[in-house]
Each structure stands twice: as structure tokens, then as C-alpha cells.
Amino acid sequence: MLSTAMQAALLKQLNHEFFSSYVYLAMAAWCEDKGVRGFGRWMRIQAQEEMAHAMIIYRYLGDRDCRVILDTIQKPEADFGSIMEVFRAALEHERQVSRSFASIAALAQDERDFATGNFVQFFIDEQVEEEASFRDLIDQLKLVGDHGHAIFMLDREFGQRQFVLPAQLQNF
Ligand code: FEO
């Protein structure tokens with residue numbers, strides 16, 4: 001059985017993953033409105049990934065006999081000054097998510113809740129990858145600068161991204 005504090009922390013994180021999905025969907029909508037549909041698709045896939053993260057937590061809560069009670073999802077930012085600004089905001093968002101998972105891991109350690117500690121490790125590893133991929137994308141955007149043709153090529157490349165259902169959600 002999860003402690004009351006752990007249930008609250010995981011329910012809060014579940015809400016935050018739904019919020020993340022909303023954040024990226026709002027970024028996708030901004031990109032698509034500006035005509036950079038490849039970046040938009042990339043962000044829509046990111047939104048799907050965040051929804052999958054939420055569902056991994058949802059599943060875990062059920063497995064640990066904790067009732068899921070959903071809360072209000074915060075309104076995401078909808079306006080950005082440039083594609084670069086979108087990706088910088090996304091990196092900052094991911095850094096915040098990393099801190100949040102680190103505090104859940106610390107709580108699990110304090111409570112000697114090894115199952116949750118093990119569960120949350122997936123997200124800690126995932127955050128390292130997510131932050132790295134956003135940094136890479138920002139570096140690529142820096143390289144192309146304002147060159148329209150290069151942005152067009154990058155947009156096509158970003159548009160190739162595919163969603164992969166995480167193993168934890170197979171048969172769920
Ligand atoms: Fe679910 Fe991007 O962290």
C-alpha cells in the first residue's frame with residue numbers, strides 16, 4: 001500500500017503529465033498555425049508521449065490499489081515569439097519535470113518504498129533523454145538561424161517523428 005504522501009505525490013505527477021501533454025499540444029497548435037507543420041507534428045507526438053507517461057502512472061496507481069482522482073488541468077501557454085522560444089520553453093518545462101521526479105524518488109527512498117523507487121527510475125532515465133533531445137533540437141535551431149531554406153529542411157526532418165507506445169502500456 002502506498003503512503004498517503006506518496007499517493008498525493010503520484011496523483012500530482014499524474015496531473016502534471018496531463019498538463020505536459022497540454023503544454024506540447026498548445027506548442028503543436030502554435031507551430032501548425034505558423035505553417036511549420038513538421039515541428040507541429042513533432043510536438044503532437046511529444047503530447048502523445050506525455051499522455052502515455054500519465055497512463056503509466058495511472059496504471060501503477062491502480063496496481064498499488066490507489067484510486068485515481070483526477071484534478072483540473074492548468075491552462076498552457078499558447079503564444080510564442082519564435083520556434084526557438086517554443087523549444088526553449090519546452091526544455092525549461094522538462095527541467096521542472098525532472099525536479100519533480102527527483103523529489104518523488106527521494107520520498108520513495110525516505111519511506112523505503114522500493115517498488116515506487118524502482119517504478120520512478122524509468123522516468124528519471126527518460127528525463128535525461130528528454131532534456132538531451134530538447135538541447136539537441138535547440139542546437140540545431142541555433143545552427144540554422146533565420147535561414148528559411150534550412151528551417152524548411154529541418155521542419156521536414158522533424159515531421160518524420162513517430163509515436164512508439166511504451167512497453168508498460170502494451171496490453172493495457
Ligand atoms: Fe513526461 Fe516530458 O516528461
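The values are calculated or read from the model by the stated rules, or taken from the named source; none is laboratory data. None of the values given here were measured: they were computed from a predicted structure. We place every Cβ from the backbone using ideal geometry, glycine too, and count neighbours over all the protein chains shown. What goes into the accessible areas is simple: the full protein's heavy atoms, side chains included, and nothing from ligands, DNA or RNA. Shrake-Rupley method; radii C 1.70, N 1.55, O 1.52, S 1.80 Å.
Looking across 110, 125, one residue alone is open to solvent by 70 Å² or more (accessible area, probe 1.4 Å), among the acidic types (Asp, Glu) and within 13 Å of the ligand (Cβ to nearest atom). It is 125.
Just to be sure before I move on: is residue 55 within 16 Å of the ligand (Cβ to nearest atom) and either farther than 19 Å from residue 116 by Cβ or among the acidic types (Asp, Glu) (or both) in the structure I sent?
On the way: within 16 Å of the ligand (Cβ to nearest atom): yes; either farther than 19 Å from residue 116 by Cβ or among the acidic types (Asp, Glu) (or both): no.
Answer is no for this residue.
Here segment 76-93 is the region considered, the condition is being touching a helix residue (DSSP H, G or I) at 6+ places or on another chain (Cβ under 8 Å) and open to solvent by 60 Å² or more (accessible area, probe 1.4 Å), and the residue that is nearest to residue 123 (Cα to Cα) is 88. What are the residues in segment 124-140 that are more than 14 Å from residue 100 (Cα to Cα) and of a type in the set (A, V, I, L, M, F, W, C), if any? Residues satisfying the conditions are 132, 134, 137, 138.
Does any residue of segment 94-103 turn out to be more than 16 Å from the ligand (Cβ to nearest atom) and open to solvent by less than 50 Å² (accessible area, probe 1.4 Å)?
No, that holds for no residue.
The residue pairs whose first member lies in segment 37-66 and is farther than 13 Å from residue 165 by Cα and open to solvent by less than 50 Å² (accessible area, probe 1.4 Å), whose second member is of a type in the set (Phe, Trp, Tyr) and assigned to a helix (DSSP H, G or I), and whose beta carbons are closer than 6 Å, counting only pairs six or more residues apart or on different chains, are 38/158; 39/158; 42/158; 43/24; 60/119.
Taken over segment 2-11, the criterion of being touching a residue at least 60 places away in the same chain (Cβ under 8 Å), farther than 12 Å from residue 64 by Cα and out of contact with any helix residue (DSSP H, G or I) (no Cβ under 6 Å at 6 or more places or on another chain) is satisfied by 5, 11. Sub-8 Å Cβ pairs linking a first residue in segment 114-135 that is in contact (Cβ under 8 Å) with a residue 12 or more places away in the chain to a second residue that is charged (D, E, K, R) and away from the ligand (no atom under 12 Å from the Cβ), at least 6 apart or interchain, are 115/64; 116/64, ordered by first then second residue. Return yes or no: is residue 42 part of a helix (DSSP H, G or I), out of contact with any strand residue (DSSP E or B) (no Cβ under 8 Å at 6 or more places or on another chain) and within 16 Å of the ligand (Cβ to nearest atom)? Here the answer is yes, as residue 42 does meet what is asked.
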